[in-house]
Amino acid sequence: MELLKERILKDGLALNENVLTVDSFLNHQVDVNLMDKIGEEFYNYFKSKKIDKIVTIESSGIAPAYTTALRFNLPLVILKKQQSSILNGNLYETTVHSFTKNKDYTLTCSKDFIKDNENILLIDDFLANGEAVLGALRLFEKSNSNLVGVGIVIEKSFQPGRDKLNNAGLDVYSLAQISKLSKGVIEFK
């Protein structure tokens, strides 16, 4: 998606060979017009699939997942990164290792929002090592639902996430694939 690539080059900041910040339009401040175009792009790619729910992982995936859900006119379910004391065990949960924070967290979803045989489209902001998506996949398997597609806003193609997701047989569509990062340098695939 050329518009996204242009914005990454204009406002993204490569801190080192692994970290790209996009705080001014995706993470802290959200460019709603760009998110609308991202939702449209994901809709156009995945519209031929039977999809029942759009799902994301809190929190940076919410904006692009929301605009995608609007395009599909479907509910948006947000997977939580912490356990809830009010759900009283009515959860699907799994442990995921965060590349960004270099720690494990518990990914959860209420059993009320993901049902048997539902077809899920997962939207997330970044793909690096693939652990968040694989964690979500484990939750969907526990709920007997089907992950029919994964939409990624920014993929770090030089990290192993894409290979892991391909090996899991997932249909992954990334809007911007970065082949190289270093301090002040961003190169696309």
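The values are calculated or read from the model by the stated rules, or taken from the named source; none is laboratory data. A quick note: this is a predicted structure, and the numbers were derived from the prediction, not measured. Because the Cβ atoms are built from the backbone with ideal geometry, glycine has one as well, and the counts that use them run over all protein chains shown. The protein model used for the area step is the full one, side chains on, heavy atoms only, and it has no ligands, DNA or RNA in it. Shrake-Rupley method; radii C 1.70, N 1.55, O 1.52, S 1.80 Å.
Here are the numbers for this structure:
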{"read-out": "Pairs where the first residue, in segment 8-21, is under 14 Å from PHE99 (Cα atoms) and the second is small (Gly, Ala, Ser), C-beta under 6 Å, 6+ apart", "value": "GLU17/SER182; LEU20/GLY12; LEU20/ALA14"}
{"read-out": "In segment 143-175, residue most open to solvent (accessible area, probe 1.4 Å) [restricted to those that are within 13 Å of ALA128 (Cβ to Cβ) and among the small types (Gly, Ala, Ser)]", "value": "SER157"}
{"read-out": "Residue tally, condition more than 22 Å from PHE113 (Cα to Cα) and open to solvent by 10 Å² or more (accessible area, probe 1.4 Å), over segment 37-58", "value": "6"}
{"read-out": "Test: residue in segment 97-120 that is touching a residue at least 40 places away in the same chain (Cβ under 8 Å) and of a type in the set (Gly, Ala, Ser)", "value": "no"}
{"read-out": "Any hit, segment 166-173, residues being small (Gly, Ala, Ser), touching a residue at least 60 places away in the same chain (Cβ under 8 Å) and more than 24 Å from LEU91 (Cα to Cα)", "value": "no"}
{"read-out": "Pairs where the first residue, in segment 51-72, is within 12 Å of VAL153 (Cβ to Cβ) and the second is surrounded by fewer than 20 Cβ atoms within 10 Å (Cβ to Cβ) and not aliphatic (A, V, I, L, M), C-beta under 6 Å, 6+ apart", "value": "SER60/ASN27; THR67/ASP36"}
{"read-out": "Elements of type strands (runs of 3 or more DSSP E) contained in segment 45-120, each with 1 or more residues being more than 25 Å from LEU26 (Cβ to Cβ)", "value": "91-98, 103-110"}
{"read-out": "Hits in segment 67-115 (condition: open to solvent by 80 Å² or more (accessible area, probe 1.4 Å), among the hydrophobic types (A, V, I, L, M, F, W, C) and at pLDDT 90 or above)", "value": "LEU70, PHE113"}
{"read-out": "Filtered residue count, segment 125-137, keeping only those that are outside any loop (DSSP other than H, G, I, E, B) and open to solvent by less than 10 Å² (accessible area, probe 1.4 Å)", "value": "4"}
